[in-house]
Structure formats: C-alpha cells, structure tokens
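The values are calculated or read from the model by the stated rules, or taken from the named source; none is laboratory data. Quick caveat, the model's predicted, so the values are computed rather than measured. All Cβ positions, glycine included, derive from the backbone under ideal geometry; neighbour counts span all protein chains shown.
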Amino acid sequence: MLVLENVHTHYGKIEALHGVSVEVKKGEIVSLIGANGAGKTTLLMTVCGSPQASSGRVILEGRDITNEPTSQIMRSGISIVPEGRRVFSGLTVEENLHMGGFFNTKAEIRKSQDHVYDLFPRLKEREHQRAGTMSGGEQQMLAIGRALMSKPRMIILDEPSLGLAPIVIQQIFEIIGQLREEGITVFLVEQNAHQALNLADRGYVLETGRIRLHDTGKNLLANPDVRNAYLGG
Amino acid sequence: MAAHNLKHALFCAIITIIIAYPILGLNLVAQGTSVALEGATTATVINVFLAAVAVFLFQLFRDSIMGVFGKVPNLNPMAKRGPISQERRLLMERVFFVAIILLALVWPFIVSRGAVDLATLVLIYIMLALGLNVVVGLAGLLDLGYVAFYAVGAYTFALLSQYFGISFWLALPIGALLAALFGFVLGFPVLRLRGDYLAIVTLGFGEIIRILLNNWTTLTGGPNGIGGIPDPTLFGMEFGRRVKEEGNVSFHETFGIAYSGEHKVIFLYLIALVLAVFTLLVIRRFMRMPVGRAWEALREDEIAARSLGMSRTAVKLSAFTIGAFFAGFAGTVFASKQGFISPESFVFLESAIILAIVVLGGMGSQVGVILAAIAVTILPELAREFSEYRMLIFGAAMVLMMVWRPQGLLPMRRIQIELKEQG
C-alpha cells in the first residue's frame, strides 16, 4: 500500500531522516513509535509531500508520489489526521465533516457523513455545535471523522492520543481497531508506545531519523530494549 | 483608592504636555525668506496645562469614573437579544441590500452635485473594500499594497486612452484583467509568506508600483500625471457640451434637453453604482462557492486545509487575483471620474484607508464593509470644518472603535450550507 524506500528528508541543510524504509501493507495497522524529535512527524509529512523527500522514493499503491504536490497526494485515497487535531474551531461539527469531503459530490458527502455518525454517535449528538467548544476527545473524533469523509483507503494518524485522558485514549484506539475491520489501512504514529504496539500488526521504532527496530507489535512489546526506552522498564 | 493610579496618572499628564506643547505651543512663522520659531500665546500654554491637569485627574480617578459608566443601564436595546436564525439574518441582509440600492438609485436626483460626486467616491471605496475583503477578510492574507492594483486599473485606462484612444467601456475589462494579472504575479512570491512578512512584501509591491509610475516619465508622465482622460459614453453619446470625438453625438442634443454639467456626474455615479453592485454580487457568489470555503479554511488552519487536499497555491492565488480584479475596476472608474491621475492618488495611505474600512466593517462581512466604506469616506467630509483636526478625529474614531468593537461593525457570520435530503 505505502512504501518508503531509503528516504532522506532535509529541513534546509539539516537532515531529519537518514534513509528510512517503511512498508505498510494493505489492511494492516502499522505503528511508528519514537521519542520526541526522532522524526516521526517529519516522516508523515514526507509522505504527504511537505517537505518532499530529498532522496529515496515514496510509493503509494504502486505510484511514485515522491515529487507530487501535497494537494494531489491528499486527494489520492490517503487521509491524514494531523497532530493536535486541527479541527476548524469556528465551524460546526457538520461543516467540519463537509470540509473533509471537499472534493466529493454532495451525495457522496451525505453517505460518508452518515457513516461517520454511525462510527461516532457522539458527533451526531453534537452535529450543530461549534467544534472549538467540544472536549479534546470529541475534537479528536471529529478530526478522524473529517479524515474519513474523503473515503480514504489508508489513514495516517499523527499522535491521536495527544493530551487526552486515558479513558478517551482507550476509546480512540478502539475506533482505530474498528477502522481496520472496515478495510482501511492504518499508519499510526504514537508516543503512547504501549497501546500503539498492542493494537498494531507491525511496528517500527524510529530513533534520531533512523529505523532502529522493526518487528510485529507483540514482539516489540516484549523486546527489552523497547521496554526500557519507551515503556518505562 | 486612587493612590495606585498616581504614577500612571503623572506619566499620562507628562505625555500630554510632551505631545501637545510642541504641536500647539510652537508655531513656524515665515519672516521674509527664513522661518522663525515662535512661542505660543499665554492662553494656549494655559490651555495645554489645563488639558494635562484634566488628563491627570481622569487617570487618577479612572476606576471610579469608569465604574459610574458601567452602572449606566445599557443604552443599546438590542444588546441582550439572542442570536437570530440564519433565514432571518439572510432575509435582513437582503432587505438591507435592496434598501440601500434603492436609496442609491434615487440619491443623485434628490441631492446636490457635490453629494453625488462624494457618493461616487463612496462607491469606488466600496468596490475597493469588497475586493480587499476577499484577500484580507476571507483568505486572511494581510495585503498592505492593495492600492497598487487600483493604480494599475487607473493607469491602464489613462494610458490606453492617451496612446490608443480606447474608450472607457473597453478599458474597463482590460484594466480589471491587467490588475488581476498583477495580483496573480504578486501572488507567486508571497505564497510562502504569512502574517508580518506577507504584509511587508505587499507593502513593498505597492511602493514599487507607485515609484515606477513616478519615475517612468516617458510613459506615465511621472509626477505630472496624465490628464484629459475621457468620460464614459452612453451608447456613443457624450456628456460634454460639445462632442469631442467624431461619430459620437451628445447626450443633451439626442434627448432634446438643455445641457447640464450634472448629467455627466450622475451618469458616472450610476456606472459606479452598477459596478459596485456587480462586485457585491460576484463576490457574494464566490463566498458560497467551494473556492470561498477554501479561502476560509486556509485562513482558519492552513495545515488542516492542506491535509484535506486543498492546494495552497491555487487558493491563495485565486484570492489575490480576484481581489486585484475588483481594484482594477475601481481604478478605471476613478480615472474616469477624476479625468486626471497622478501617482499621488495611490500612496500608502490609500491602502491603509481601504484596510481600515475592511477591519472597521468586520473582516469578511459584506454589509459591515459597505457601512464602514460609507462612514470612512463621509466622516472626513463632514468633519471638513475642523480642517486640521480631521485626521485626529478619524484616528480617535478608529481607536474607540477598536476598544469597543474590535470585531468590527458587523462581524461576519458564515452562511451554513445544508445538504438537501435525497428525495
């Protein structure tokens, strides 16, 4: 589904990713964990084409998207839930969802909207509420719902648990599991290593711009190095 | 109680003296060829000190004075009403537009020539402000060089008529399109910029255009400007006493009425009115189209908008281009109204005034912007009797406005678009 081959990414002269190779297969949940500044978000942004990789290749469903503009990549069956949710706080829940289906027809929007409300009954209750007045968890649900509006085959989540209460995190992760059952491929970037690896089929550990470890989620959870570094021993 | 205000009050009083004394107390008097500095009369000095004392006392007892104001029951009976429904609001807006357009239509026939002339100027500012509203209010791109596009429109008409004898009606679309092209071209370098940096670059662009017009004397006539810009014609009918161009006829002869200079003024006013209404409707349409929502999405959150697949380039360029297009419109009308243009009409202050209109009216709100355009253009005219204190009053009005209503006269309310139930 998504393949990164030896990707290097630069911010000006500084190299943030030193040859990263990652593969996400169709129907999988793949987690990427790493400490602050390891380059997790950079990796996601490289997939989205902002910044673009300076060398290496990014391949989405067999198509080389390394040098495609962001707007084009985001319209080709891939969706991102950006870090920090970034819902349109002045818009209502419904309008936020409509923005998510910006390039779809009205009939498609209506269909995906109903689908999102099925997935998040909470959003249906808040349909006409301004997004900015909702709790963090509800906003995260909205951000995920908005990303689903374009009916993506793959969804990228950047730290969906950021700043949320443990019980809400639990809910969000349950929903991510649900997405897989619907056949959506999930690429999850998390600091919350325990839950991310528990849920994932496979996991990657990113450290200062390099992939350190790569294994199944269960194996990584059991790995003593990972336990020491990311799971508090 | 007032003790903690003492330091602040003293400071304010001293500032008052520092500012007021040189302005009011010192006069430059011409003595033959040289200029001498003359002290003020004792009366002025006493007044300045009285003012300082007044400021001191006010600041000292500020809390209790403002407290009294706070106890005054709210004078605005509308203050406590709840939000009105969207249908009602849209209806009210429509009624407002129809009423103001009707008033505008009868206006030239009931007031003096001067008032019609002023109203034409108001309409030009409405066009400019509606255009800038797209860039600043909707797309959230702070543009301090907007007057450049206005200048492009005006100079396009002036130069085309001077060198090629092109008439107003042909120059109108050319001027607007050329201004749009300039907006498009300016859009490219500023795509990556945001906030302050964007403001500086657009400011620079505005100055570049003005300085270019000032110095390219062979083409633009430099500071001397371009005169003799023809008036618009009505289906080949001219409004002058005598027909200037061959093949044309004059308006008053065709209709067999006595010649009056007022015809031309009224005609120009009506053209400006039609164009202003056109601007209003077109931009209103844009606001409800996907591109309008994309402008707002980009203003609200650039990263979120891009993550949804919107192209930053396309969205920003469209805002710049459409905004510039209407400035070009306004410029052409302005050139035709004045009959003479020079770079002096396109200084930074113009950009600032147009921006002030947009901010005062409430970013993104069309009704607000129209009201503010009327207020900002007419207030200085009404205050003409205060001559030198005109700008002072203008400035004070702006400051008060920002204190009491920072969101503008009528802040923008977005239109909710609902999906029709599939039947």
- Select from the stretch A:58-72 the residues that are within 14 Å of chain B (Cβ to nearest Cβ) and touching a strand residue (DSSP E or B) at 6+ places or on another chain (Cβ under 7 Å) and list them in ascending order. A:L60, A:I65
- Run B:F109 past the list (1) within 14 Å of the chain's Cα centre (by Cα); (2) farther than 16 Å from B:I322 by Cβ and report the number of the one that doesn't hold. (1)
- Query: Across the stretch A:121-150, what is the number of residues that are in a loop (DSSP other than H, G, I, E, B), within 14 Å of another protein chain (Cβ to nearest Cβ) and surrounded by fewer than 16 Cβ atoms within 10 Å (Cβ to Cβ)?
  - Reply: 3
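For (1) more than 8 Å from chain A (Cβ to nearest Cβ); (2) in a helix (DSSP H, G or I); (3) of a type in the set (D, E, K, R), each residue gets a yes or a no:
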site	(1), (2), (3)
B:R293	no, yes, yes
B:A297	no, yes, no
B:A304	no, yes, no
B:A314	no, yes, no
B:A319	yes, yes, no
B:G323	yes, yes, no
B:A330	yes, yes, no
- Filtering helices (runs of 4 or more DSSP H) wholly in the stretch A:151-224 for at least 2 residues that are closer than 21 Å to A:P82 by Cα and more than 14 Å from the chain's Cα centre (by Cα) gives A:166-181, A:193-199
- Restricting the search to the stretch A:100-111, which residues are facing chain B (nearest Cβ under 7 Å), surrounded by fewer than 23 Cβ atoms within 10 Å (Cβ to Cβ) and within 19 Å of B:M310 (Cα to Cα)? A:F102, A:F103, A:K106, A:I109
- Pick out the one residue from B:T202, B:T233, B:T220 that is touching a strand residue (DSSP E or B) at 6+ places or on another chain (Cβ under 8 Å), among the hydroxyl-bearing types (S, T, Y), in the same structural domain as B:V347 (by TED's automatic domain parsing) and within 30 Å of B:V274 (Cβ to Cβ). B:T220
- Inside the stretch B:141-237, counting only helices (runs of 4 or more DSSP H) that do not spill past its ends, which hold 1 or more residues that are under 11 Å from B:T332 (Cβ atoms)? B:147-164, B:168-190
- Query: With respect to B:L142, is the statement that it is modelled with pLDDT of 95 or more, within 16 Å of the chain's Cα centre (by Cα) and under 21 Å from B:G364 (Cβ atoms) true?
  - Reply: no
- Evaluate the following for A:Q140: is it of a type outside the set (F, W, Y), without any contact (Cβ under 8 Å) to a residue 60 or more places away in the chain and under 28 Å from A:T46 (Cα atoms)? yes
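Every residue, every condition in (1) more than 22 Å from A:Q191 (Cβ to Cβ); (2) hydroxyl-bearing (S, T, Y); (3) in a helix (DSSP H, G or I), yes or no:
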residue	(1), (2), (3)
A:L32	no, no, no
A:A38	no, no, no
A:T42	no, yes, yes
A:T46	no, yes, yes
A:Q52	yes, no, no
A:I59	yes, no, no
A:S76	yes, yes, no
A:I80	no, no, no
- Query: Can you tell which of A:D118, A:D114 is more than 14 Å from chain B (Cβ to nearest Cβ) and assigned to a helix (DSSP H, G or I)?
  - Reply: A:D118
- Task: Return yes or no: is A:S31 among the hydroxyl-bearing types (S, T, Y), within 11 Å of chain B (Cβ to nearest Cβ) and in contact (Cβ under 8 Å) with a residue 60 or more places away in the chain?
- Result: no
